[in-house]
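Contents: one structure, followed by commentary.
Readers should treat all values here as calculations from the given coordinates under stated rules, not as data from a laboratory. For clarity, every value in this text was computed on a predicted model and none was experimentally measured. Glycine gets a Cβ as well: all are built from the backbone with ideal geometry, and neighbour counts include every protein chain shown.
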Amino acid sequence: MDAEFIVAMPKGVTPVTTVRSTLLHSSRSALTKRGLLERYQLQIEPKYKAAVMETLAPEWLPLEVGLAHYRACDALGLSQAELEEIGAEVGAHLQGTFIGTLLRGARSVGLTPWVPLAQFQRLKERLMQGGGVAVCKVGPKDATIDLRQIELFKHDYFRIAYCGVIASAIKLGAGKSVRVQVVNGGGYDQRCVYKCSWV
């Protein structure tokens with residue numbers, strides 16, 4: 001089958017400048033659940049600690065705050081399996097606040113993984129300002145997701161946990177067994193490409 005873009009990369013993509021506090025709070029909650037909050041607090045740079053720990057209402061935070069959060073998360077040295085599990089939890093939380101609302105109407109016409117995948121640019125816009133997403137259908141149950149101009153990807157924690165975010169969205173669309181992996185092989189400071197498949 002010929003590749004088909006479900007979501008085309010926007011023109012004139014600019015670098016991410018701000019991140020939604022919801023993204024950081026979801027990540028922090030997953031760390032708290034695992035008893036890692038104290039270790040995390042020892043790693044976060046003091047000048048960013050209040051922005052991460054004390055922001056309650058959803059708001060836009062400077063990219064530097066997000067980078068500081070993920071630097072601290074990287075320092076925890078979690079395994080790939082742990083990061084993917086955390087990403088799935090974060091994804092489930094985000095779906096409850098955004099994707100789930102979009103998909104409720106789709107259930108009546110037949111929900112497949114392509115429905116949530118088609119929302120990935122809109123999801124990105126809810127989580128960060130700047131950056132771009134392209135989703136390409138490369139097979140009946142195979143896709144690539146290309147995210148650009150997102151400096152957060154230089155952090156292993158964010159890049160690997162995002163596999164779990166993607167997998168949780170695909171599962172929401174009825175994919176039972178899902179595999180998501182990073183495939184661009186380096187140079188992650190602004191771009192990450194994921195290969196997704198499901199049955």
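Straight-line reach from Lys11: taking Cα to Cα under 26 Å and skipping same-chain neighbours fewer than 8 places apart, the lysines in range are Lys124, Lys137, Lys154, Lys195.
Once the Cα atoms of helix 156-172 and of the chain are each reduced to a long axis, what angle between those two axes, in degrees from 0 to 90 to the nearest 10, is obtained? The two axes meet at around 40 degrees. Taking every Cα-Cα distance in region 128-199 and sorting them into 5 Å bins from zero, the calculated P(r) comes out as 4, 17, 28, 26, 15, 9, 1 percent.
Provide the net charge surrounding Cys136, with neighbours chosen by a C-beta distance below 13 Å and charges set as Lys +1, Arg +1, Asp -1, Glu -1.
Working: positive: Lys137, Lys195; negative: Asp2, Glu4, Asp142, Asp146.
Local net charge: -2.
Which whole-number percent gives the relative contact order of the chain, counting Cα pairs below 8 Å spaced six or more residues apart? Can you show the working numbers first?
On the way: 356 pairs, mean separation 58.1, N = 199.
For the chain, the relative contact order is 29 percent.
Reported to the nearest whole Å, the Cα centre-to-centre distance from region 1-55 to region 71-90 is 12. Can you pull out the trypsin sites (Lys or Arg not before Pro) in region 153-199 that DSSP calls coil and that have at most 16 other Cβ atoms within 10 Å? Passing sites in region 153-199 are Lys176.
When the chain is treated as a Gaussian network with alpha carbon springs shorter than 10 Å, the biggest mean-square fluctuation among Ala72, Ala169, Ala50 belongs to Ala50. Rg of the Cα atoms in the chain, relative to 2.2 N^0.38 Å, amounts to 0.99. How much of the pair distance distribution for region 1-58 lies past 18 Å, counting alpha-carbon pairs only, in percent? Every Cα pair in region 1-58 considered, those over 18 Å come to 53 percent.
Highest GNM mean-square fluctuation, the chain, Cα pairs closer than 10 Å: which of Thr18, Thr32, Thr144? Of the options given, Thr32 has the highest mean-square fluctuation.
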